[in-house]
Amino acid sequence: MSEQLPNNEPIQEPPPEEPSIFSISSRTAAVLLVFTLVFTALMAATYFATKPAIEESARAEKMKLIGEVLPAGNYDNDLLADGVTLPPIAALGLDDESTAYRARKNGQPVATVFEAAAPDGYSGRIGLLLAVDAGGRLLAMRVTQHKETPGLGDYIDPKKDKNKTSPWIDQFKAKSLEIVSPEQWKVKKDGGVFDAHAGATISARAVTNASGRALAWAVDHQVKLFAMPAGGRLKE
């Protein structure tokens, strides 16, 4: 039974206080903070759990690409651990830093694997990967990135070359500047010795010229590169 005033009127209890905007905001902020912390912890746990697999996958992809220009049987060191950082180098057509990997066998220099680029492809930049042995021979070269016209200029990439038995790019194998002079390191249309497909000379010219510049740079720097400690940075 409710209490009554002397005149028999019931006593009215004050209405319950409504939560203030400040208290509502505080609770919302606290919930969001807890959610953020839990989400961040889960993301961090996922990252650290998957990081080894991601790194191993990236390593395997890199070794697969390197294996196309330098088979694993040619060296016995950990190639990816025996790299040196290269600054941007105009002769290689590179505007950013890159890595040169040194291959050794029984402690002796075997070859250097490094990137280069032809900036003047028909449709823009053409990325290259080269292996040059300690004697100055271009062991092999592969196109790693390009936008050349499908079915016309993309034969520079052996994956797109219709001639699977003798891809266009294989003509550079085992060539050196002693075998082919810098003046002759051009496509035949320009007075050089390398073939190009009729109607699609620009792509071949870009790769040929870039490979000649890259080979000359490698020959000039090979001794210096092998003398550097792993993880070092070349100073031009």
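Any read-out appearing in this document is the output of simple, stated calculations on the displayed coordinates, not a laboratory observation. Quick caveat, the model's predicted, so the values are computed rather than measured. Cβ placement follows ideal geometry from the backbone for every residue including glycine, while neighbour counts extend to all protein chains displayed.
Computed over the Cα atoms of the range 114-188, the ratio of the radius of gyration to the Kirkwood radius (Rg/Rh) comes to 0.97. For the residue pairs Lys159/Lys188; Lys64/Lys189; Lys62/Lys189, the C-alpha atoms sit more than 26 angstrom apart in Lys64/Lys189; Lys62/Lys189. Projecting label points 7 angstrom from Cα along Cα→Cβ for Leu80 and Arg27 puts them 5.2 nm apart.
Across the range 70-227, the relative contact order, built from alpha-carbon pairs under 8 Å that are at least six residues apart, equals 19 percent.
Hey, quick one: spin label on Leu152, modelled 7 Å out along Cα-Cβ, who in the range 98-134 has an amide N within reach, i.e. under 18 Å? Counting only backbone N, you get 120-126.
Extension gain, Val38 to Lys62: 0.36 nm times the residue separation minus the Cα-Cα distance gives 5.1 nm. For the range 120-223, GluC sites (Glu not before Pro) are listed when DSSP marks them as loop and at most 13 other Cβ atoms sit within 10 Å of their Cβ; the list is Glu178, Glu183.
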